[in-house]
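K.L.:
For reference, the structure I am asking about is given below.
The values are calculated or read from the model by the stated rules, or taken from the named source; none is laboratory data. Since the model is a prediction, treat every value here as computed from it, not as a measurement. Neighbour counts run over all protein chains shown; Cβ positions are idealised from the backbone, glycine included. Protein only, heavy atoms only, side chains kept; ligands, DNA and RNA dropped before computing areas. Shrake-Rupley method; radii C 1.70, N 1.55, O 1.52, S 1.80 Å.
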Amino acid sequence: MALLVTNVRALEILDSRGRPTVAVQATLSDGSVGEAQVPSGASTGRHEALELRDGDPSRYQGRGVRTAVTHVNEEIRHVLNGAPVEETDRRLIEADGTPNKSRLGANAILGVSCAVARAAAVSAKVPLWRWLANTYSTHPCLPVPMVNILSGGLHAGYNLEFQDFLAIAHGFPTYAEALRAVVAVHGAAERLLIQGGHVLTGVADEGGWGPQLASNEAALEVLTNAIEAAGFEPRTQVSIALDVAATHFYREGRYYLRSENRDLDASGMATLIEEWAVRYPVISVEDPLEEDDWEGWRSLTARLGGRLQVIGDDFFTTNPARVRRGIAESAANAVLVKMNQIGTLTETFEVIRMAREAGYRAVISARSGETEDSFLADLATASGAGQIKVGSITRSERLAKYNRLLALEAEGELEWPGNRPFRGLIPEG
Ligand code: PGA
Ligand code: ZN
């Protein structure tokens, strides 16, 4: 008998920044129940699906999500009542009827999409990752984490312009060993920063350090030194990824690198990244240019794409139409996948499939505003993408995902890809 959705119920909860977000509980015809909580970005892309906020200044500075919650509890509940599970996303998209989910809200829609998937996995008595892999015909494997060590940009009060300085521990035999390595790098970075006279009183939005360093290059130096101080070999064991998030310091054709004391055009940015990727063990760069500079992205990828993973986050916004265009124009070679940028699991997996078929890499990513939901760990595993980006290794909204992956590895069924996702970017050996 077909498995049907019988009820959905939403609640306004708080995310890791103390801002409202949506939680959804779905119930199916056999009594199975699943829950999901929706993440929320701060350094968002212009082309993301719309996160519906109440705009009522008397509650949470206008950030309340009671309207989205009501949409789930009334209209969506009605639309899905008695719907086969596999029709959930199609019905949600049709009921919303807008290109960017602005009527019902991508936060309402994604919460329902994920809660129904969880309930269906409960019904099938399989782990969520396996249900997702079966449903979307993927080849699961554990993901290698790309871990935030130093933060800048919007996530750390603009101490630096670049948003993320991350460590990728690819040269280890297991996920657990890779995680231990990044924890060691994080600790070594702390010691180096304190030796350098920095006062570390708290952490940035994703749990990494947000020190007042002199420049972006100084952050690269600290991270490279931390990798070595932790006893690892840069490029063969631990490499660096950058999330430039360039849209956020771009104005009218120029990139304002205040801390470097210069402003650059798109080709100047490509040259800067090229130089830093020689001097430091950088193998991956995200949003190196502004989110609508297609010409700049094409020429940067032509120059650097052979040596670097060039990821579109704000550039692609997990949008199938933008990823299709990017592939056709060779404008990048990898896509950052964030479920709430597009709003349903079906469209998220469509982007992952398009990336795989085009030979693009994919990195499954959290948002800077997260919850204790570990859905992302199962999504990354199911996708077979081989890479996950969750933020740092402090704060439990991050650890919920890292710890879930430890549990999945311990079950012994999943392959650990190690260096494989980074072939062509790191020395062969
Ligand atoms: P956001 O940032 O979740 O604040 O948009 C994450 C990222 O840019 O990768
Ligand atoms: Zn990003």
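K.L.:
Can you tell me how many residues in the range 269-312 are away from ligand 1 (no atom under 16 Å from the Cβ) and among the polar types (S, T, N, Q)?
P.N.:
Residues in the range 269-312 being away from ligand 1 (no atom under 16 Å from the Cβ) and among the polar types (S, T, N, Q): 3 in total.
Conditions tested, residue by residue: (1) under 22 Å from the mean Cα position of the chain (by Cα); (2) farther than 17 Å from residue 149 by Cβ; (3) open to solvent by 30 Å² or more (accessible area, probe 1.4 Å).
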| position | (1), (2), (3) |
| --- | --- |
| 226 | no, no, no |
| 232 | no, no, yes |
| 246 | yes, yes, no |
| 267 | no, yes, yes |
| 282 | yes, no, no |
| 317 | yes, yes, no |
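K.L.:
Here is a follow-up. Condition first: touching a His at 6+ places or on another chain (Cβ under 8 Å) and surrounded by fewer than 16 Cβ atoms within 10 Å (Cβ to Cβ). Now tell me which residues in the range 186-221 satisfy that.
P.N.:
Correct list: 212 only.
K.L.:
Where residues in the range 290-315 are buried (at least 19 other Cβ atoms within 10 Å of the Cβ) and under 24 Å from residue 224 (Cβ atoms), which of them is nearest to ligand 2 (Cβ to nearest atom)? Give the steps one after another, and end with the answer.
P.N.:
From the range 290-315, those buried (at least 19 other Cβ atoms within 10 Å of the Cβ) are 290-291, 293, 296-297, 300-301, 304, 308-315; that's our starting set.
Among the residues that remain, those that are also under 24 Å from residue 224 (Cβ atoms) are: 300, 304, 308-311, 313.
On the way: 300: 16, 304: 17, 308: 15, 309: 13, 310: 13, 311: 8, 313: 3 Å.
For the range 290-315, the residue satisfying everything is 313.
K.L.:
Hey, another quick one. Mind counting the residues in the range 396-429 that are within 27 Å of residue 236 (Cβ to Cβ), open to solvent by 20 Å² or more (accessible area, probe 1.4 Å) and of a type in the set (Lys, Arg)?
P.N.:
2
K.L.:
On to the next question. Does the range 394-415 include one or more residues that are touching a His at 6+ places or on another chain (Cβ under 9 Å), hydroxyl-bearing (Ser, Thr, Tyr) and within 15 Å of ligand 2 (Cβ to nearest atom)?
P.N.:
The answer is no, given that none of the residues of the range 394-415 is touching a His at 6+ places or on another chain (Cβ under 9 Å), hydroxyl-bearing (Ser, Thr, Tyr) and within 15 Å of ligand 2 (Cβ to nearest atom).
K.L.:
Now for a separate question. Can you tell me which residues in the range 153-171 are in a loop (DSSP other than H, G, I, E, B), at pLDDT 95 or above and closer than 20 Å to residue 17 by Cα?
P.N.:
163
K.L.:
What are the pairs, 6+ residues apart or on separate chains, where a residue within the range 196-209 that is touching a residue at least 12 places away in the same chain (Cβ under 8 Å) has its Cβ under 7 Å from a residue that is among the aromatic types (Phe, Trp, Tyr) and away from ligand 1 (no atom under 16 Å from the Cβ)?
P.N.:
Close Cβ pairs (under 7 Å, with a partner that is among the aromatic types (Phe, Trp, Tyr) and away from ligand 1 (no atom under 16 Å from the Cβ)) amount to 203/209.
K.L.:
Which one is surrounded by the fewest Cβ atoms within 10 Å (Cβ to Cβ), of the residues in the range 153-176 that are farther than 22 Å from residue 405 by Cβ, away from ligand 2 (no atom under 12 Å from the Cβ) and not aromatic (Phe, Trp, Tyr)?
P.N.:
Filtering the range 153-176 for residues that are farther than 22 Å from residue 405 by Cβ, away from ligand 2 (no atom under 12 Å from the Cβ) and not aromatic (Phe, Trp, Tyr), the one surrounded by the fewest Cβ atoms within 10 Å (Cβ to Cβ) comes out as 157.
K.L.:
I'd like the full set of residues that are assigned to a loop (DSSP other than H, G, I, E, B) and open to solvent by 60 Å² or more (accessible area, probe 1.4 Å), limited to the range 1-28.
P.N.:
Within the range 1-28, 1, 19 meet the criteria.
K.L.:
Specify which of the listed residues (99, 57) is open to solvent by 60 Å² or more (accessible area, probe 1.4 Å), modelled with pLDDT of 95 or more, within 25 Å of the chain's Cα centre (by Cα) and farther than 26 Å from residue 134 by Cα.
P.N.:
Checking each option against the conditions leaves just 99.
K.L.:
Continuing with the same structure: With the condition kept exactly as written, say whether any residue in the range 62-84 is among the acidic types (Asp, Glu), open to solvent by 10 Å² or more (accessible area, probe 1.4 Å), within 30 Å of residue 391 (Cβ to Cβ) and more than 16 Å from ligand 1 (Cβ to nearest atom).
P.N.:
Checked the range 62-84: no residue is among the acidic types (Asp, Glu), open to solvent by 10 Å² or more (accessible area, probe 1.4 Å), within 30 Å of residue 391 (Cβ to Cβ) and more than 16 Å from ligand 1 (Cβ to nearest atom).
K.L.:
Right, another one. If we scan the range 367-386, do we find a residue that is open to solvent by less than 10 Å² (accessible area, probe 1.4 Å), β-branched (Val, Ile, Thr), more than 17 Å from residue 49 (Cβ to Cβ) and in contact (Cβ under 8 Å) with a residue 24 or more places away in the chain?
P.N.:
Scanning the range 367-386, I find at least one residue that is open to solvent by less than 10 Å² (accessible area, probe 1.4 Å), β-branched (Val, Ile, Thr), more than 17 Å from residue 49 (Cβ to Cβ) and in contact (Cβ under 8 Å) with a residue 24 or more places away in the chain, so the answer is yes.
K.L.:
Hey, another quick one. Filter the range 34-50 down to the residues that are touching a helix residue (DSSP H, G or I) at 6+ places or on another chain (Cβ under 6 Å) and open to solvent by 60 Å² or more (accessible area, probe 1.4 Å) and list them by number. Please lay out each step first, then the result.
P.N.:
Filtering the range 34-50 down to residues touching a helix residue (DSSP H, G or I) at 6+ places or on another chain (Cβ under 6 Å) leaves 34-36, 38-39, 42-43, 48-50.
Selection gives 35, 50.
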